[in-house]
Amino acid sequence: MSFRQIPLAIKKEIRPNLEIAAVIPVENGNILLKYEGSPMLSKLDEQLEVLWTKDFGLRSKNYVYADVSAHPNGTLYGITESDNFRLMTPSGGTLFTYEHDDWPPFMGANCFFAGRWVLFIIPTPTGDKLLQLDLETLGIAARYDLEGDQEYRYTFTATPDPGIIFIDAAAGQDDAHLFIITIQKDGRLDIAEATQCLDRIVGNFSPDGQSFVMAPHYDEGIEIYSFPAITRIAGLPQETLFAGRNEYPCEDEDTIDYTVLFLNDQLLISLTRFGRLLLIDRATMACTGELLLEGNEIIAYDQGGKPVTGDADILDYSGEVGDVIVVPAGLLAVHSSGSLRLYGMEGIGG
(Lines give C-alpha, C1' and ligand atoms only; values in the text may rest on other atoms or scores of the structure.)
Protein backbone atom coordinates (compact mmCIF):
# COMPACT_ATOMS: atom_id res chain seq x y z
CA MET A 1 0.00 0.00 0.00
CA SER A 2 1.50 3.34 -1.04
CA PHE A 3 0.57 6.96 -0.58
CA ARG A 4 -0.77 8.66 -3.71
CA GLN A 5 2.18 10.59 -5.09
CA ILE A 6 1.70 14.22 -6.14
CA PRO A 7 4.64 15.88 -7.93
CA LEU A 8 5.30 19.56 -7.27
CA ALA A 9 7.38 21.52 -9.76
CA ILE A 10 9.92 24.19 -8.85
CA LYS A 11 8.62 27.68 -9.66
CA LYS A 12 11.80 29.50 -8.64
CA GLU A 13 15.15 28.50 -7.15
CA ILE A 14 17.98 30.60 -5.77
CA ARG A 15 21.41 29.59 -4.47
CA PRO A 16 22.84 32.21 -2.09
CA ASN A 17 26.60 32.39 -1.68
CA LEU A 18 26.09 31.83 2.06
CA GLU A 19 24.55 28.82 3.81
CA ILE A 20 20.92 29.47 4.79
CA ALA A 21 20.32 29.24 8.55
CA ALA A 22 16.68 30.38 8.69
CA VAL A 23 13.85 31.60 6.49
CA ILE A 24 11.64 34.19 8.22
CA PRO A 25 8.32 35.24 6.63
CA VAL A 26 7.62 38.96 7.01
CA GLU A 27 5.20 41.54 5.60
CA ASN A 28 3.55 41.36 2.15
CA GLY A 29 4.76 37.82 1.43
CA ASN A 30 8.41 38.87 1.69
CA ILE A 31 10.99 36.79 3.55
CA LEU A 32 14.24 37.35 5.43
CA LEU A 33 17.20 35.01 5.04
CA LYS A 34 19.63 34.51 7.92
CA TYR A 35 22.93 32.77 7.20
CA GLU A 36 25.17 30.37 9.09
CA GLY A 37 28.12 32.13 10.71
CA SER A 38 27.42 35.42 8.93
CA PRO A 39 26.43 38.90 10.17
CA MET A 40 24.43 39.44 6.98
CA LEU A 41 20.68 39.50 6.48
CA SER A 42 18.84 39.41 3.14
CA LYS A 43 15.32 40.44 2.25
CA LEU A 44 13.56 38.75 -0.67
CA ASP A 45 10.18 39.36 -2.27
CA GLU A 46 7.55 36.64 -2.67
CA GLN A 47 9.13 35.49 -5.96
CA LEU A 48 12.58 35.13 -4.32
CA GLU A 49 14.02 38.24 -5.92
CA VAL A 50 16.64 39.75 -3.60
CA LEU A 51 15.61 43.23 -2.43
CA TRP A 52 18.72 43.84 -0.33
CA THR A 53 21.53 42.20 1.65
CA LYS A 54 22.96 44.12 4.61
CA ASP A 55 25.29 43.67 7.55
CA PHE A 56 23.17 43.60 10.73
CA GLY A 57 26.02 42.45 12.93
CA LEU A 58 24.39 39.08 13.59
CA ARG A 59 26.61 36.79 15.63
CA SER A 60 26.48 33.40 17.27
CA LYS A 61 28.14 32.66 20.57
CA ASN A 62 28.58 29.37 22.39
CA TYR A 63 25.88 27.65 20.26
CA VAL A 64 23.36 30.42 20.89
CA TYR A 65 22.30 31.72 17.48
CA ALA A 66 21.04 35.18 16.62
CA ASP A 67 17.29 35.40 15.96
CA VAL A 68 15.56 38.04 13.85
CA SER A 69 11.92 39.15 14.17
CA ALA A 70 10.19 41.84 12.12
CA HIS A 71 7.51 44.37 12.96
CA PRO A 72 4.33 43.57 10.96
CA ASN A 73 4.74 46.74 8.91
CA GLY A 74 8.41 46.05 8.17
CA THR A 75 9.73 49.22 9.84
CA LEU A 76 11.62 47.60 12.72
CA TYR A 77 13.67 44.47 13.38
CA GLY A 78 14.33 42.84 16.72
CA ILE A 79 17.64 40.99 17.08
CA THR A 80 18.11 38.56 19.97
CA GLU A 81 21.56 37.13 20.68
CA SER A 82 23.32 35.28 23.47
CA ASP A 83 23.86 38.38 25.63
CA ASN A 84 21.73 41.20 24.21
CA PHE A 85 18.55 42.36 22.53
CA ARG A 86 18.72 45.04 19.80
CA LEU A 87 15.99 47.07 18.13
CA MET A 88 17.08 48.04 14.61
CA THR A 89 15.82 49.85 11.52
CA PRO A 90 15.78 48.23 8.05
CA SER A 91 18.79 50.34 7.15
CA GLY A 92 20.80 48.66 9.92
CA GLY A 93 20.69 51.46 12.48
CA THR A 94 20.38 50.55 16.17
CA LEU A 95 17.60 52.28 18.16
CA PHE A 96 17.83 50.36 21.43
CA THR A 97 20.10 47.80 23.07
CA TYR A 98 19.51 45.75 26.22
CA GLU A 99 22.47 43.71 27.46
CA HIS A 100 21.98 40.69 29.73
CA ASP A 101 23.68 37.53 31.01
CA ASP A 102 24.56 34.85 28.47
CA TRP A 103 22.09 32.16 27.56
CA PRO A 104 23.41 28.59 27.96
CA PRO A 105 24.22 26.70 24.73
CA PHE A 106 21.23 26.02 22.45
CA MET A 107 18.85 28.10 24.60
CA GLY A 108 17.52 31.62 24.07
CA ALA A 109 14.48 33.16 22.40
CA ASN A 110 13.24 35.25 19.53
CA CYS A 111 11.25 38.44 20.23
CA PHE A 112 7.76 39.59 19.30
CA PHE A 113 6.18 42.87 18.13
CA ALA A 114 2.70 43.46 19.55
CA GLY A 115 1.21 46.87 18.81
CA ARG A 116 3.15 49.48 20.79
CA TRP A 117 5.16 46.76 22.55
CA VAL A 118 8.02 44.45 21.76
CA LEU A 119 8.46 41.42 24.01
CA PHE A 120 11.77 39.67 24.62
CA ILE A 121 13.09 37.16 27.17
CA ILE A 122 16.31 37.27 29.15
CA PRO A 123 18.03 34.88 31.59
CA THR A 124 18.72 36.17 35.11
CA PRO A 125 20.11 34.63 38.34
CA THR A 126 16.51 34.40 39.62
CA GLY A 127 15.03 32.75 36.52
CA ASP A 128 13.96 33.72 33.02
CA LYS A 129 12.14 37.06 32.63
CA LEU A 130 9.87 38.41 29.92
CA LEU A 131 10.45 42.12 29.31
CA GLN A 132 7.90 44.45 27.75
CA LEU A 133 9.49 47.32 25.84
CA ASP A 134 7.39 50.38 25.00
CA LEU A 135 8.15 51.32 21.39
CA GLU A 136 6.93 54.89 21.94
CA THR A 137 9.29 55.69 24.81
CA LEU A 138 11.92 52.94 24.33
CA GLY A 139 11.60 52.21 28.04
CA ILE A 140 10.96 48.88 29.80
CA ALA A 141 7.29 49.03 30.84
CA ALA A 142 7.17 45.76 32.80
CA ARG A 143 9.01 42.55 33.69
CA TYR A 144 7.33 39.18 34.18
CA ASP A 145 8.63 36.01 35.83
CA LEU A 146 8.58 32.87 33.67
CA GLU A 147 8.67 29.32 34.96
CA GLY A 148 11.94 28.49 33.22
CA ASP A 149 15.44 28.95 34.52
CA GLN A 150 17.69 28.81 31.45
CA GLU A 151 16.58 25.31 30.38
CA TYR A 152 14.19 26.33 27.59
CA ARG A 153 14.40 27.52 24.03
CA TYR A 154 11.51 30.01 23.67
CA THR A 155 9.63 30.78 20.46
CA PHE A 156 6.96 33.48 20.11
CA THR A 157 4.18 32.81 17.61
CA ALA A 158 1.52 35.23 16.37
CA THR A 159 -2.14 34.19 16.51
CA PRO A 160 -5.18 35.48 14.56
CA ASP A 161 -6.01 37.65 17.59
CA PRO A 162 -3.47 40.49 17.97
CA GLY A 163 -4.15 40.48 21.71
CA ILE A 164 -3.09 36.84 22.15
CA ILE A 165 0.45 35.50 21.67
CA PHE A 166 1.82 31.97 21.99
CA ILE A 167 5.18 31.05 23.51
CA ASP A 168 6.62 27.60 22.87
CA ALA A 169 9.10 26.61 25.58
CA ALA A 170 11.07 23.52 24.57
CA ALA A 171 13.71 21.86 26.74
CA GLY A 172 15.53 19.83 24.11
CA GLN A 173 14.55 16.18 24.39
CA ASP A 174 12.92 16.64 27.79
CA ASP A 175 9.63 18.50 27.66
CA ALA A 176 7.74 21.21 25.80
CA HIS A 177 5.18 23.72 27.10
CA LEU A 178 2.80 26.17 25.46
CA PHE A 179 2.18 29.47 27.25
CA ILE A 180 -0.53 31.94 26.28
CA ILE A 181 0.05 35.70 26.63
CA THR A 182 -3.06 37.88 26.72
CA ILE A 183 -2.60 41.64 26.40
CA GLN A 184 -5.06 43.52 28.60
CA LYS A 185 -6.54 46.92 27.69
CA ASP A 186 -4.13 48.68 30.05
CA GLY A 187 -1.15 46.94 28.40
CA ARG A 188 -0.59 44.47 31.23
CA LEU A 189 0.26 40.91 30.19
CA ASP A 190 -1.44 37.82 31.57
CA ILE A 191 0.61 34.63 31.10
CA ALA A 192 -0.90 31.15 31.54
CA GLU A 193 0.08 27.65 30.44
CA ALA A 194 -2.11 25.63 28.08
CA THR A 195 -1.52 22.36 29.92
CA GLN A 196 -3.66 20.46 27.40
CA CYS A 197 -0.86 21.11 24.86
CA LEU A 198 1.97 19.60 26.93
CA ASP A 199 4.77 18.08 24.83
CA ARG A 200 3.43 19.42 21.55
CA ILE A 201 5.02 21.87 19.10
CA VAL A 202 3.01 24.63 17.42
CA GLY A 203 2.80 24.44 13.64
CA ASN A 204 0.61 27.18 12.16
CA PHE A 205 -2.98 28.40 12.06
CA SER A 206 -5.61 27.49 9.52
CA PRO A 207 -6.28 30.37 7.11
CA ASP A 208 -9.76 30.87 8.62
CA GLY A 209 -8.09 31.47 12.00
CA GLN A 210 -10.33 29.03 13.84
CA SER A 211 -7.78 26.31 14.61
CA PHE A 212 -4.08 25.51 14.80
CA VAL A 213 -2.07 22.33 14.37
CA MET A 214 0.56 20.86 16.69
CA ALA A 215 3.29 18.31 15.97
CA PRO A 216 4.42 15.74 18.55
CA HIS A 217 7.47 16.37 20.73
CA TYR A 218 7.93 12.63 21.19
CA ASP A 219 6.08 9.80 19.43
CA GLU A 220 2.54 11.09 19.76
CA GLY A 221 0.42 12.06 16.79
CA ILE A 222 -0.76 15.21 15.06
CA GLU A 223 -3.36 17.25 16.94
CA ILE A 224 -5.61 20.16 15.99
CA TYR A 225 -6.90 22.63 18.57
CA SER A 226 -9.62 25.25 18.29
CA PHE A 227 -8.80 28.91 18.67
CA PRO A 228 -9.24 30.85 20.88
CA ALA A 229 -10.76 28.16 23.14
CA ILE A 230 -7.70 25.88 22.68
CA THR A 231 -9.76 22.70 22.80
CA ARG A 232 -8.55 19.53 21.08
CA ILE A 233 -10.87 18.95 18.11
CA ALA A 234 -9.02 16.39 15.95
CA GLY A 235 -6.04 14.07 15.97
CA LEU A 236 -4.08 11.55 13.92
CA PRO A 237 -2.08 8.95 15.90
CA GLN A 238 1.33 8.14 14.52
CA GLU A 239 0.61 4.41 14.27
CA THR A 240 -2.52 5.16 12.23
CA LEU A 241 -0.65 7.40 9.79
CA PHE A 242 1.96 4.75 8.98
CA ALA A 243 -0.14 1.58 9.37
CA GLY A 244 0.36 -0.85 6.47
CA ARG A 245 2.82 1.35 4.60
CA ASN A 246 5.76 -0.48 3.05
CA GLU A 247 7.08 1.80 0.31
CA TYR A 248 10.20 2.54 2.37
CA PRO A 249 11.31 -0.83 3.81
CA CYS A 250 13.59 -0.25 6.78
CA GLU A 251 14.62 -1.61 10.16
CA ASP A 252 13.29 1.57 11.79
CA GLU A 253 9.83 2.89 11.00
CA ASP A 254 9.26 6.40 9.76
CA THR A 255 7.92 8.94 12.26
CA ILE A 256 6.34 12.38 12.28
CA ASP A 257 8.94 15.13 12.52
CA TYR A 258 8.49 18.45 14.29
CA THR A 259 6.89 20.19 11.26
CA VAL A 260 3.14 19.93 10.64
CA LEU A 261 1.42 22.79 8.81
CA PHE A 262 -1.92 23.85 7.35
CA LEU A 263 -1.61 24.28 3.58
CA ASN A 264 -5.15 25.66 3.45
CA ASP A 265 -8.35 25.16 5.42
CA GLN A 266 -8.81 21.65 4.00
CA LEU A 267 -5.28 20.22 3.89
CA LEU A 268 -2.22 19.80 6.10
CA ILE A 269 1.31 18.60 5.41
CA SER A 270 3.56 16.63 7.74
CA LEU A 271 7.33 16.39 7.29
CA THR A 272 8.56 12.96 8.40
CA ARG A 273 11.89 11.77 9.76
CA PHE A 274 12.64 10.12 6.40
CA GLY A 275 12.10 13.48 4.69
CA ARG A 276 8.70 12.75 3.16
CA LEU A 277 5.95 15.37 2.91
CA LEU A 278 2.63 13.69 3.64
CA LEU A 279 -0.67 15.31 2.70
CA ILE A 280 -3.48 15.03 5.29
CA ASP A 281 -7.16 15.74 4.76
CA ARG A 282 -8.43 18.00 7.54
CA ALA A 283 -12.00 16.67 7.53
CA THR A 284 -11.10 12.97 7.83
CA MET A 285 -7.59 13.27 9.36
CA ALA A 286 -6.49 10.63 6.85
CA CYS A 287 -3.36 10.76 4.72
CA THR A 288 -4.36 11.28 1.09
CA GLY A 289 -0.96 11.49 -0.59
CA GLU A 290 2.73 12.24 -0.57
CA LEU A 291 4.11 15.43 -2.12
CA LEU A 292 7.12 14.74 -4.35
CA LEU A 293 9.18 17.91 -4.52
CA GLU A 294 11.10 18.25 -7.77
CA GLY A 295 14.81 17.82 -7.14
CA ASN A 296 14.40 16.18 -3.72
CA GLU A 297 15.67 12.61 -3.42
CA ILE A 298 15.06 10.39 -0.40
CA ILE A 299 18.25 8.37 0.06
CA ALA A 300 18.55 4.95 1.75
CA TYR A 301 21.48 4.25 4.10
CA ASP A 302 22.96 1.02 5.43
CA GLN A 303 24.26 0.14 8.91
CA GLY A 304 27.52 1.92 8.17
CA GLY A 305 25.81 5.13 7.10
CA LYS A 306 26.57 4.63 3.41
CA PRO A 307 24.00 5.21 0.65
CA VAL A 308 22.59 1.96 -0.74
CA THR A 309 20.32 0.89 -3.58
CA GLY A 310 18.32 -2.20 -4.36
CA ASP A 311 17.49 -4.80 -1.73
CA ALA A 312 20.44 -4.17 0.59
CA ASP A 313 19.80 -3.97 4.34
CA ILE A 314 18.49 -0.47 4.93
CA LEU A 315 18.82 1.14 8.33
CA ASP A 316 17.44 4.58 7.59
CA TYR A 317 16.34 7.10 4.95
CA SER A 318 17.05 10.79 4.67
CA GLY A 319 15.48 13.41 2.44
CA GLU A 320 17.17 16.55 1.16
CA VAL A 321 14.66 19.09 2.51
CA GLY A 322 15.70 20.69 5.79
CA ASP A 323 12.70 22.96 6.33
CA VAL A 324 9.39 23.83 4.66
CA ILE A 325 7.32 26.99 5.05
CA VAL A 326 3.89 27.83 3.66
CA VAL A 327 3.89 31.31 2.08
CA PRO A 328 1.31 33.13 -0.09
CA ALA A 329 3.23 32.26 -3.28
CA GLY A 330 3.45 28.52 -2.55
CA LEU A 331 5.62 26.14 -0.57
CA LEU A 332 9.18 27.17 0.34
CA ALA A 333 11.79 24.47 0.94
CA VAL A 334 15.39 24.79 2.09
CA HIS A 335 17.39 22.14 0.24
CA SER A 336 20.52 20.41 1.52
CA SER A 337 22.37 21.60 -1.59
CA GLY A 338 22.12 25.15 -0.23
CA SER A 339 19.31 26.30 -2.48
CA LEU A 340 15.96 27.83 -1.58
CA ARG A 341 13.12 26.54 -3.73
CA LEU A 342 9.59 27.81 -4.25
CA TYR A 343 7.08 25.16 -5.30
CA GLY A 344 3.67 25.81 -6.79
CA MET A 345 0.69 24.14 -5.15
CA GLU A 346 -1.82 24.38 -7.99
CA GLY A 347 -2.07 20.59 -8.41
CA ILE A 348 -2.72 19.77 -4.78
CA GLY A 349 -6.35 20.80 -4.56
CA GLY A 350 -8.18 21.36 -1.32
I24 meets each of (1) without any contact (Cβ under 8 Å) to a residue 40 or more places away in the chain; (2) under 20 Å from G93 (Cβ atoms) with one exception, condition (1)
Out of contact with any Phe, Trp or Tyr (no Cβ under 6 Å at 6 or more places or on another chain), without any contact (Cβ under 8 Å) to a residue 12 or more places away in the chain, more than 26 Å from E81 (Cα to Cα) and not small (G, A, S): does that describe D219?
-> no
Return the only residue of I299, I314, I348, I325 being touching a Pro at 6+ places or on another chain (Cβ under 6 Å) and among the β-branched types (V, I, T).
-> I299
Return the only residue of A333, A329, A286 being touching a helix residue (DSSP H, G or I) at 6+ places or on another chain (Cβ under 7 Å) and modelled with pLDDT of 90 or more.
-> A329
Pairs returned, first residue in region 53-71 that is free of Cβ contacts under 8 Å to residues at least 60 places away in the same chain and aromatic (F, W, Y), second residue that is open to solvent by 70 Å² or more (accessible area, probe 1.4 Å) and assigned to a loop (DSSP other than H, G, I, E, B), beta-carbon separation under 6 angstrom, 6 or more apart or interchain, are Y63/F106
Mind checking whether some residue in region 2-21 is hydroxyl-bearing (S, T, Y) and at pLDDT 95 or above?
-> no
Listed by first then second residue, the pairs whose first member lies in region 322-335 and is in contact (Cβ under 8 Å) with a residue 24 or more places away in the chain and more than 16 Å from V260 (Cβ to Cβ), whose partner is open to solvent by 20 Å² or more (accessible area, probe 1.4 Å) and of a type in the set (D, E, K, R), with beta carbons under 8 Å and at least 6 positions apart or on separate chains, are V327/E46; P328/E46; A329/K11; A329/E46; G330/K11; V334/D323; H335/E320
In this structure, is G304 out of contact with any Pro (no Cβ under 8 Å at 6 or more places or on another chain) and within 18 Å of D323 (Cβ to Cβ)?
-> no
Subset of region 123-139 (residues that are farther than 22 Å from L41 by Cβ and open to solvent by less than 40 Å² (accessible area, probe 1.4 Å)) | P123, T124, G127, D128, K129, L130, L131, Q132, D134, G139
G221 versus (1) open to solvent by 60 Å² or more (accessible area, probe 1.4 Å); (2) touching a helix residue (DSSP H, G or I) at 6+ places or on another chain (Cβ under 9 Å); (3) under 30 Å from Q303 (Cα atoms): which is the lone unmet condition?
-> (1)
Residue by residue through region 101-122, note down the ones that are open to solvent by less than 30 Å² (accessible area, probe 1.4 Å) and not aromatic (F, W, Y).
-> G108, A109, N110, C111, A114, V118, L119, I121, I122
The condition of being among the charged types (D, E, K, R) and touching a Pro at 6+ places or on another chain (Cβ under 9 Å) holds, among E290, E294, only for E294
Filter result for the condition that a residue is touching a Ser or Thr at 6+ places or on another chain (Cβ under 9 Å), buried (at least 22 other Cβ atoms within 10 Å of the Cβ) and of a type outside the set (G, A, S), over T80, T75 = T80
Does W103 satisfy the criteria of being touching a Pro at 6+ places or on another chain (Cβ under 6 Å) and of a type in the set (A, V, I, L, M, F, W, C)?
-> yes
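The values are calculated or read from the model by the stated rules, or taken from the named source; none is laboratory data. Predicted model, so just to flag it, every value in this text is computed and none were measured. FYI the Cβ positions are ideal-geometry reconstructions off the backbone, even for glycines, and counts take in every protein chain you see. Side chains included, ligands, DNA and RNA excluded: accessible areas come from the protein's heavy atoms. Shrake-Rupley method; radii C 1.70, N 1.55, O 1.52, S 1.80 Å.
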